[in-house]
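The values are calculated or read from the model by the stated rules, or taken from the named source; none is laboratory data. Just so you know, these numbers come straight off a predicted model, no measurement behind them. Every residue, glycine as well, gets a Cβ built from its backbone with ideal geometry; the counts of neighbours run over all protein chains shown. To get the accessible areas, we keep the full protein, side chains included, count just its heavy atoms, and leave off ligands, DNA and RNA. Shrake-Rupley method; radii C 1.70, N 1.55, O 1.52, S 1.80 Å.
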Amino acid sequence: SAVISQKPSRDICQRGTSLTIQCQVDSQVTMMFWYRQQPGQSLTLIATANQGSEATYESGFVIDKFPISRPNLTFSTLTVSNMSPEDSSIYLCSVVRGSTEAFFGQGTRLTVV
Amino acid sequence: SQQGEEDPQALSIQEGENATMNCSYKTSINNLQWYRQNSGRGLVHLILIRSNEREKHSGRLRVTLDTSKKSSSLLITASRAADTASYFCATSRPARQLTFGSGTQLTVLP
């Protein structure tokens with residue numbers, strides 16, 4: 001198993017500001033994944049964070065809006081920039097151990113007002 | 001993008017009854033997984049079924065897979081109020097990212 005500490009667990013932010021979400025894993029992993037879950041919806045992958053290289057973004061997500069850092073093999077941050085109410089979502093980080101089983105942080109519930 | 005659809009979108013049953021959720025997917029897969037999410041929190045892995053398997057059991061969970069129909073079902077037997085959660089199927093991409101179905105919200109009434 002993997003223990004993932006994600007913070008903050010929730011925040012209420014003013015539009016136009018930015019929020020940085022942190023994700024700490026209890027052991028080294030090559031790739032970390034960031035997902036967004038809009039209200040009442042399923043999870044959508046934002047990007048894959050690799051240590052030592054630029055994150056790989058999915059279609060519809062751009063680095064200027066969702067910059068990601070991956071300074072080492074146990075830590076990553078996702079920033080939601082210049083927020084608008086449409087960014088109100090749950091953001092989750094995830095890692096994969098073994099061949100396929102994914103482990104998730106507890107999520108960050110973001111509300112933009 | 002979503003891999004596929006799950007149905008029903010919402011399911012409400014009495015404690016002790018069985019709950020069945022269905023998932024359809026679009027592409028070829030190596031395996032299919034089911035996850036549970038309580039109240040918008042992190043997801044928990046429930047069970048994985050490989051493409052060469054047709055049925056798998058884990059405790060009160062039973063998963064079936066029909067690759068010819070690109071569909072899977074999750075059965076929870078003898079449900080409990082604590083089973084109330086959202087359930088998602090997911091398939092893996094080559095770099096191990098997950099593509100999730102639309103999810104089923106299960107409510108088990110005491």
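A few remarks follow.
- Failed item in (1) within 25 Å of A:Arg10 (Cβ to Cβ); (2) in a strand (DSSP E or B), with B:Cys89 passing the rest: (1)
- Taken together, the residues in region A:1-43 that are within 12 Å of another protein chain (Cβ to nearest Cβ), open to solvent by 50 Å² or more (accessible area, probe 1.4 Å) and either in a loop (DSSP other than H, G, I, E, B) or of a type in the set (Phe, Trp, Tyr) (or both) amount to 8.
- Top-ranked residue of region B:52-63 - restricted to ones that are touching a residue at least 12 places away in the same chain (Cβ under 8 Å) and surrounded by 13 or more Cβ atoms within 10 Å (Cβ to Cβ), ranked as farthest from B:Arg96 (Cα to Cα): B:Arg60
- Hits in region B:27-47 - residues which are open to solvent by 20 Å² or more (accessible area, probe 1.4 Å) and either assigned to a strand (DSSP E or B) or of a type in the set (Phe, Trp, Tyr) (or both): B:Arg36, B:Val44, B:His45, B:Leu46
- When each of B:Ala90, B:Ala95 is tested for being touching a Ser or Thr at 6+ places or on another chain (Cβ under 9 Å), closer than 24 Å to A:Gln106 by Cα and open to solvent by 20 Å² or more (accessible area, probe 1.4 Å), the lone residue that passes is B:Ala95.
- Only one of the numbered conditions (1) of a type in the set (Val, Ile, Thr); (2) open to solvent by less than 60 Å² (accessible area, probe 1.4 Å); (3) away from every other protein chain (no Cβ under 11 Å); (4) closer than 25 Å to B:Arg93 by Cβ is not met by A:Val62, and that is (2).
- Residues in region A:74-95 that are open to solvent by 10 Å² or more (accessible area, probe 1.4 Å) and more than 14 Å from the chain's Cα centre (by Cα): A:Asn82, A:Ser84, A:Pro85, A:Glu86.
- Just one of the listed residues (A:Ser18, A:Ser9) is touching a Ser or Thr at 6+ places or on another chain (Cβ under 7 Å), among the small types (Gly, Ala, Ser) and within 20 Å of B:Asn38 (Cβ to Cβ), and it is A:Ser9.
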